[in-house]
C-alpha cells in the first residue's frame, strides 16, 4: 500500500494537466448543452494518450488519473471508454468507443467507431459505418446519438462481456470522479463570490456543511476508482461504480441548489458537468444494477480487506 | 501508487488475526460487551497484557518505550483487526493511539517514567476530561479551574460524558489556569485523588460508558501539569489529530454489515431493497477505508496532514451511519437480543459523529481548509 505517485505517474499527471489546462474555460459565447472538444481530442490523439493503460509504467491507474483530470474540462471528449475499456475489446477496436443500452440514445454515438451494445445480460459490439448512427438532440451535456435498428451486432462471449462490464464500471467511476470535482469547484467559486445578507453565501454554515459533505463524497469516489483500476477485481469495480453514481445524484442536486437561478442559465458552465453526471447515473443499469454487482462481488464469499 | 499489501504487512495481519483467534473467549461474538463495563475493563487489562507480552500492543511506539518502531501501516493494520473484532482492548486503545504518544512528546522524564510503562504493559486505563456541561465543541470555553497554590494546584469543576471514568486509573484533564483561549492547561490526574466523584450516566451506548466527573477542590502536585501552563490547545490538537484517524471504525462496520447480510441470506430476506442499501453501506465503508489509508500513507511518508484527516473522519461517520441504519432497518431483531455482536456495533456506531469531536466541526474544517470557502463571521 503506497499512494505516492511514481516518477512516471507524476510525469503523466503533469502532462495531462498541462493539456487540460489549455481547455479550462468555457467559451463565453457558448450557451448550449454539448460543448464538444475536437481540438482537445486531437491533442490527445497526437500524444497517444488514449493508450495510457497499455503502457506498463502508467497502467489503468494512469488512465483513471487522466480520465478524471480531463473530465474536469468543460469540453466533452470521449476518453473514459477509450482509455479504460478499449484495451479489453477484441480486434484492436477503433475509437471513439461508446455505449448503447437497450436501444436508448448514448453518449458520443454519432461519431463512434466502436459501439458496445448492452441488452439485458448480453453485450455485443458494432463497428458502425456511415448511416448506422444518428445524432439526437438532448439536454444531456454530451453529444448524444443512437444506432439505427438495422446494424449487425457481434455478441461477446459471457467471459468477454463480464470483463467489459467491469471496465465500463471503472470508466464511469473515473469520469464521474472528474465531473463531480469540477461541479464542486464551480459551485465553490460561485458561493464564495455571491453575497446575500451582506456576506458570501459560502460563509453560511448550512451551505458550507453541504458542500463539505460533497467534497468528502468526491474524495471517496476518486479513491474507489483508483483502487478498482489497480486491483482489476470485479468487486472493486462494482463498488466504485455504485459509489460514483450514488454520489453523483447527490452532488448534482446540491450544486444546482447552491447556484440557484444562476445554475439554471446556460451562460454559467455548471450544467456542462451536472448534465453529464445526470447522463452517467443511469448507465449500466444505474445504482440498483451496481448494487446487484456489489452483492455478487462482496457478499457471496469472504470479506478480506485485501 | 499501488493498493496491495506487501509481504510483511500480510504476515503482520495474519499474526494479529491468529492472536485474536487464540485469545478471545469462545463466546466473544455473543457477549454483550459494552465498551466500558466493569467486565470489559477487567478483560481488557488481561487481554492487553497478553498483547504486550508478544509485542502487539504498541509496536509503533519507539523501542525506548516498549515498542519496536513499526511504521504507521503496522499500527493501522493492528487497529483495523482490533476494531473488526469489536475492539477487545476496550478504552486502552486511547493509550496506544494518543495518550502515550502525547506524553512522550510533551511530558517530563518523570511523567514519562511514571505513566508510559504501564500503558506499554497494558495495565492501565485512562479517561479524557475534556467536555463540560457548558463546553462541548466550544472546548475553549471550559470552566473547570486549576488554581496554583505553591507546589500544588487546586482543581474545581465538572466534566461530563467522560468515557471509561468509573474504571479509569488516570484522567487526561483539561482545566483553566487563566482566562481566555490560551489559559487552558493539561493535568495528569490519578482518579483516586480525594475530591473526585464519578457518577455513571445511563446511556444508549451501553452500561458504564459515560459519566459525570466532579472535581471538588482536588489538590494535585504541580508536577501533574503536562507541558507548560496554557499549552493545552497545542497538546489537545496533537491528541485529536492522532485520535481522528486512529480509530478504524469502518473495519467493525464492515464486519457488522457482512454479519447482517449473512443473516438475511440465511433467512432468505436479502431482497433487492436490502441489496441496494447493503451496497451503499459497503461502498461507504470502502470509501472510508481508503480515505483513512490515504492519511496513514501521508503519515508514513512524513507528509503534513491537515483537513484531509477531517475528511477521512467524516467519511467514516457516513460509513458507520449507513451500516447501523441498514442493520436497524433490515435486521431489527438484533436490537432485541438476537445478535449481541450487531447490537454492540450499533451502540458504538451511534457515537461515530460525536466522540472525539462533533462531525460538524470536521465539516467546518473541510469547508474552510479543503474547499477554501469563506469562514463564518464570529
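The values are calculated or read from the model by the stated rules, or taken from the named source; none is laboratory data. Computed from a predicted model, the values in this text were never measured in an experiment. Here Cβ is always computed from backbone atoms with ideal geometry, including for glycine, and neighbour counts include all displayed protein chains.
Taking residue A:265 as the residue in question, decide whether it is out of contact with any helix residue (DSSP H, G or I) (no Cβ under 6 Å at 6 or more places or on another chain) and either surrounded by 16 or more Cβ atoms within 10 Å (Cβ to Cβ) or within 25 Å of residue A:73 (Cβ to Cβ) (or both). Answer is yes for this residue. Residue-level analysis places residue A:180 among those that are farther than 19 Å from residue A:82 by Cα and crowded, with 23+ Cβ neighbours inside 10 Å.
Applying the criterion of being outside any loop (DSSP other than H, G, I, E, B) and more than 16 Å from residue B:232 (Cβ to Cβ) to the residues of the stretch B:128-176, the residue that is modelled with the lowest pLDDT is B:149. Residues in the stretch A:187-213 that are more than 9 Å from chain B (Cβ to nearest Cβ) and crowded, with 24+ Cβ neighbours inside 10 Å: A:187 only. Among B:36, B:79, which is the only one that is buried (at least 18 other Cβ atoms within 10 Å of the Cβ), within 13 Å of chain A (Cβ to nearest Cβ) and closer than 27 Å to residue B:258 by Cα? Being buried (at least 18 other Cβ atoms within 10 Å of the Cβ), within 13 Å of chain A (Cβ to nearest Cβ) and closer than 27 Å to residue B:258 by Cα holds for just one of B:36, B:79, which is B:79.
A quick yes/no check of all residues on (1) modelled with pLDDT under 85; (2) surrounded by 19 or more Cβ atoms within 10 Å (Cβ to Cβ); (3) more than 8 Å from every other protein chain (Cβ to nearest Cβ):
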| residue | (1), (2), (3) |
| --- | --- |
| B:239 | yes, yes, yes |
| B:244 | yes, yes, yes |
| B:252 | no, yes, yes |
| B:257 | no, yes, yes |
| B:265 | no, no, no |
| B:269 | no, no, yes |
| B:276 | no, yes, no |
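Scanning the stretch A:268-290 for residues that are more than 19 Å from residue A:106 (Cα to Cα) and surrounded by fewer than 22 Cβ atoms within 10 Å (Cβ to Cβ) yields A:268, A:269, A:288. When A:2, A:8 are checked against the criterion of being touching a strand residue (DSSP E or B) at 6+ places or on another chain (Cβ under 6 Å) and within 14 Å of chain B (Cβ to nearest Cβ), A:2 stands alone in meeting it. The condition of being outside any loop (DSSP other than H, G, I, E, B) and surrounded by 11 or more Cβ atoms within 10 Å (Cβ to Cβ) holds for only one of A:34, A:66, A:24, that being A:66.
Of the numbered criteria (1) assigned to a helix (DSSP H, G or I); (2) touching a strand residue (DSSP E or B) at 6+ places or on another chain (Cβ under 8 Å), the one residue B:51 fails is (2).
In the set (1) in contact (Cβ under 8 Å) with a residue 60 or more places away in the chain; (2) loosely packed, with under 13 Cβ neighbours inside 10 Å, the condition left unmet by residue B:21 is number (1). Here residue A:101 meets each of (1) over 17 Å from the mean Cα position of the chain (by Cα); (2) surrounded by fewer than 20 Cβ atoms within 10 Å (Cβ to Cβ); (3) within 20 Å of residue A:279 (Cβ to Cβ) with one exception, condition (1). Within the stretch B:100-123, the residues that satisfy the criterion of being part of a loop (DSSP other than H, G, I, E, B) and crowded, with 19+ Cβ neighbours inside 10 Å are B:107, B:122.
Looking across the stretch A:219-234, just one residue is surrounded by fewer than 24 Cβ atoms within 10 Å (Cβ to Cβ), more than 9 Å from every other protein chain (Cβ to nearest Cβ) and touching a helix residue (DSSP H, G or I) at 6+ places or on another chain (Cβ under 6 Å), and that is A:234.
Of the set (1) away from chain B (no Cβ under 12 Å); (2) assigned to a helix (DSSP H, G or I), all apply to residue A:249 but (1).
Mind checking whether some residue in the stretch A:216-223 is more than 14 Å from the chain's Cα centre (by Cα) and more than 30 Å from residue A:163 (Cβ to Cβ)?
Going residue by residue through the stretch A:216-223, those that are more than 14 Å from the chain's Cα centre (by Cα) are A:216-217, A:219-220, A:223.
Okay, now just the ones that are also more than 30 Å from residue A:163 (Cβ to Cβ), so A:216.
Yes, the conditions are met somewhere in the stretch A:216-223.
Only residues that are free of Cβ contacts under 8 Å to residues at least 40 places away in the same chain and within 14 Å of another protein chain (Cβ to nearest Cβ) were counted in the stretch B:345-364, giving 2.
To keep it simple, each residue is scored yes or no on (1) at pLDDT below 95; (2) under 20 Å from residue A:270 (Cα atoms); (3) over 11 Å from the mean Cα position of the chain (by Cα); (4) within 14 Å of another protein chain (Cβ to nearest Cβ).
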| position | (1), (2), (3), (4) |
| --- | --- |
| A:40 | no, yes, yes, no |
| A:44 | no, no, yes, no |
| A:48 | no, no, yes, no |
| A:61 | no, no, yes, yes |
| A:64 | no, no, no, yes |
| A:70 | no, yes, no, no |
| A:81 | no, no, no, no |
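The strands (runs of 3 or more DSSP E) found entirely in the stretch A:85-186 that carry 1 or more residues being under 22 Å from residue A:291 (Cα atoms), in contact with a strand residue (DSSP E or B) (Cβ under 7 Å, 6 or more places away or on another chain) and without any contact (Cβ under 8 Å) to a residue 40 or more places away in the chain are A:114-119, A:122-126. If you filter the stretch A:50-59 down to residues that are without any contact (Cβ under 8 Å) to a residue 40 or more places away in the chain and not in a helix (DSSP H, G or I), you find that the one that is nearest to the chain's Cα centre (by Cα) is A:55. Of the helices (runs of 4 or more DSSP H) lying entirely inside the stretch B:289-378, those containing at least 2 residues that are modelled with pLDDT of 95 or more are B:308-330, B:359-365. The conditions of being modelled with pLDDT of 95 or more, outside the structural domain of residue B:347 (by TED's automatic domain parsing), touching a strand residue (DSSP E or B) at 6+ places or on another chain (Cβ under 6 Å) and crowded, with 16+ Cβ neighbours inside 10 Å are not met by residue B:12.
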